[in-house]
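A.B. asks: Pasting in a structure now, in structure tokens, and then I'll have a few things to ask.
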């Protein structure tokens with residue numbers, strides 16, 4: 001077994017290393033995150049009541065989280081939702097409009113008044129996600145942003161509802177984003193254990 005190489009003295013063994021690592025997740029449960037959780041919950045209910053939809057997008061693992069959120073919002077919480085993780089769509093839009101613009105153009109062709117846009121980026125500075133937020137704002141579509149890294153990242157500055165984790169550890173940020181996103185879904189469902197069929 002390999003000994004831990006950072007976050008403390010490797011000689012102290014895995015217990016101390018894991019304690020240090022696990023502490024990085026504690027901000028996910030801080031009292032100040034309750035305000036954006038409630039705000040996103042209320043927005044999702046408004047979207048559902050109006051018969052509108054959530055549009056979720058991200059890159060890499062954040063794209064996977066967008067798909068996860070889309071399915072659970074729709075299946076568990078009864079909120080219509082879409083994402084853009086179809087390879088044909090990504091490659092066609094990126095080829096025709098440029099990678100930095102493809103998400104904005106996908107939103108342009110998919111959004112209706114009353115929809116809301118959920119954008120996920122660990123850095124908060126991914127050009128295609130920032131441009132998507134700028135486009136959403138130009139259409140008066142509410143923007144929910146999940147970011148990490150620097151507190152003044154570009155996506156965070158564009159958010160109407162702001163989820164931010166002070167961490168540059170991408171794996172920690174991604175996991176905390178998943179906790180927050182699924183917490184909102186669970187709040188709508190009203191119980192911690194959702195049926196799977």
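A.B. asks: Quick one: helix 61-75 against the long Cα principal axis of the chain, what's the angle to the nearest 10°, folded into 0 to 90?
C.D. replies: Rounded to the nearest ten degrees, it is 60.
A.B. asks: Based on the Cβ-Cβ distance from residue 110 to residue 64, what FRET efficiency comes out when R0 is 22 Å, to the nearest 0.05?
C.D. replies: Values: r = 19 Å, r/R0 = 0.88.
Given R0 = 22 Å and the Cβ-Cβ separation, E is 0.70.
A.B. asks: Over the chain, what relative contact order in percent results from Cα pairs under 8 Å that are six or more residues apart? Don't jump to the answer; show the numbers that get you there.
C.D. replies: Details: 320 pairs, mean separation 39.1, N = 197.
Over the chain, the number comes to 20 percent.
A.B. asks: With axes computed from alpha carbons, what is the tilt in degrees of helix 127-138 against the longest principal axis of the chain, rounded to the nearest 10 within 0 to 90?
C.D. replies: Compared with the principal axis, the helix lies near 50 degrees.
A.B. asks: Could you compute the FRET efficiency for residue 140 and residue 25, with r as their C-beta to C-beta distance and R0 at 41 Å, rounded to 0.05?
C.D. replies: Details: r = 35 Å, r/R0 = 0.86.
Efficiency at R0 = 41 Å is approximately 0.70.
A.B. asks: Related question: What full-extension length gain, to one decimal in nm, is calculated for residue 71 and residue 49 as 0.36 nm per residue of separation minus the Cα-Cα distance? Write out the running numbers ahead of the final one.
C.D. replies: Numbers: separation 22, 0.36 × 22 = 7.92 nm, distance 1.81 nm.
Full extension of this stretch gives 6.1 nm more.
A.B. asks: Which label belongs to the value computed from this structure, given these candidates for P(r) over Cα pairs in 10 Å bins from 0, in percent: [x] 9, 32, 30, 19, 9, 2, 0; [y] 9, 38, 38, 14, 1; [z] 9, 34, 33, 16, 7, 1?
C.D. replies: [z]
A.B. asks: Can you grab the distance from the C-alpha centre of segment 92-123 to the C-alpha centre of segment 170-197, Å, no decimals?
C.D. replies: One Cα centre to the other: 24 Å.
A.B. asks: Under a plain spin-label model, where a point goes 7 Å from the Cα along Cα-to-Cβ, how far apart in nm are residue 85 and residue 37?
C.D. replies: Distance between label points: 2.4 nm.
Every read-out reported here was derived from the displayed coordinates using simple, explicitly stated rules and does not represent laboratory data. Quick caveat, the model's predicted, so the values are computed rather than measured. Don't worry about glycine lacking a Cβ; one is built from the backbone with ideal geometry, like all the others, and counts go over all protein chains shown.
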